[in-house]
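Note sheet for the following structure.
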Amino acid sequence: MSAETTPSDAFLELRDLRIHFPTDDGLVKSVDGLSFRLERGKTLGIVGESGSGKSVTSLGILGLHNRKNARVSGEIWLDGAELVSSTQEYVRGLRGKRMAMIFQDPLSAMHPYYTVGNQIIEAYRVHHRVSKAVARKHAIEMLGRVGIPNPAQRVDDYPHQFSGGMRQRAMIAMALCCDPELLIADEPTTALDVTVQAQILDLMRDLQRDFNAALIIITHDLGVVAELSDDILVMYGGKCVEYGTAENIFETPEHPYTWGLLGSMPRLDRESTERLLPIKGSPPSLINIPPGCAFHPRCSYADRTGGKGSAEVPELSEVRGGHKVRCHLPANERHAIWESEIKPVLEAQ
Ligand SMILES: Nc1ncnc2c1ncn2[C@@H]1O[C@H](COP(=O)(O)OP(=O)(O)OP(=O)(O)O)[C@@H](O)[C@H]1O
Ligand code: SF4
Ligand SMILES: [Mg+2]
């Protein structure tokens, strides 16, 4: 952090966050210049395909990268304190209490040999000097709050005695037990079937309203964040390629990659799992990110910018009112493609 840096007035603000890993094969640029702001009570969806840097970002915010093998630069401001330049002890003290995380797979985040209740009790007692009896009462309350039936009995169950959906609820209870102000949910519903997915998303929406936390939901599926997010950040190759309100992203998306994500949303409402406009090719290696616009090898419009796509990294520039996009195509051309080529196909289904 440079000396002239001004503190952020946002609840959470990332400024030019970079997280690189030196490896034998080369430098992995997992997060490469990410910036955003998030206020209490608001939800940000971070969306992108596998390997775009979503989890590395969330672990970075929580200070969970090993400083020996991760090169972290930029700034992460949480309520007036800068975390990248803070000590690991300081950031560890915030984890669980002021910021907490819900992982995709509760089984890997929960200890198999301890009861669900004991794990919530321990998580609570790390930050609160209370008796076991008081913490147990709180654990039962939290399990009830996240919709576990008979919480006073189920508190003594082991994780494997819970169904997948209930385990996810229990992990949410554990994450919320210290009333964190920032909650990061990394693919919270990916491992669950569609009905349970919808229930967990409803639960998260209700809880976020009650707790007034800032919530980050990370997913590869735009459908998951459609109803929950105030703002959406679309990530590709470690960078933000589009940022806007949920309305911006769903009604007037600007980036060809976002169009691809919209076209490849699973159709939850239909039996068919057909993708409307799948994105061709596969995500880039973060060791050899394509030059210029990282998306150019997969972009159907790359030839419309006179070779610029493979030569120059496009800036993330504002379209209007906070809606930003990283693409060389002129705005009027993007609008025309969306209106005449993409939107009609998506709406025709
Ligand atoms: N400790 C590490 N050392 C080297 N490379 C890493 C490390 N952690 C993550 N990476 C690489 O960083 C890139 C981004 O990984 P990340 O886990 O953030 O992707 P993701 O967007 O969360 O993907 P998914 O949707 O599959 O969870 C990947 O190429 C991954 O291999
Ligand atoms: S800059 Fe070019 S290659 Fe990249 S998304 Fe825009 S049109 Fe496609
Ligand atoms: Mg991930």
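The values are calculated or read from the model by the stated rules, or taken from the named source; none is laboratory data. Since we're looking at a predicted model, the values are computed, not measured. In this analysis, Cβ positions are derived from the backbone assuming ideal geometry, glycine residues included, and neighbour counts consider all displayed protein chains.
Numbers below:
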{"read-out": "Residues located in segment 103-125, provided they are under 15 Å from Ala173 (Cβ atoms) and touching a strand residue (DSSP E or B) at 6+ places or on another chain (Cβ under 9 Å)", "value": "Phe103, Ala109, Ala123"}
{"read-out": "Qualifying positions in segment 17-61 - assigned to a strand (DSSP E or B) and of a type in the set (A, V, I, L, M, F, W, C)", "value": "Leu17, Ile19, Phe21, Leu27, Val28, Val31, Leu34, Phe36, Leu38, Leu44, Ile46, Val47"}
{"read-out": "Helices (runs of 4 or more DSSP H) contained entirely in segment 93-147, each with at least 3 residues that are touching a residue at least 60 places away in the same chain (Cβ under 8 Å)", "value": "106-109"}
{"read-out": "Residues that are outside any helix (DSSP H, G or I), without any contact (Cβ under 8 Å) to a residue 60 or more places away in the chain and within 23 Å of Ala213 (Cα to Cα), drawn from segment 185-201", "value": "Thr189"}
{"read-out": "Selection count, segment 62-79, where residues are at pLDDT 95 or above, part of a loop (DSSP other than H, G, I, E, B) and either in contact with a Pro (Cβ under 8 Å, 6 or more places away or on another chain) or farther than 26 Å from Gly237 by Cβ (or both)", "value": "1"}
{"read-out": "Selected residue (only one of Leu27, Leu44, Leu17 is modelled with pLDDT of 95 or more, more than 18 Å from the chain's Cα centre (by Cα) and in the same structural domain as Leu78 (by TED's automatic domain parsing))", "value": "Leu27"}
{"read-out": "Among (1) buried (at least 21 other Cβ atoms within 10 Å of the Cβ); (2) outside the structural domain of Ile120 (by TED's automatic domain parsing); (3) touching a residue at least 60 places away in the same chain (Cβ under 8 Å), the one test that Arg167 misses", "value": "(2)"}
{"read-out": "Members of segment 19-47 that are without any contact (Cβ under 8 Å) to a residue 40 or more places away in the chain and either surrounded by fewer than 15 Cβ atoms within 10 Å (Cβ to Cβ) or within 16 Å of ligand 3 (Cβ to nearest atom) (or both)", "value": "Asp24"}
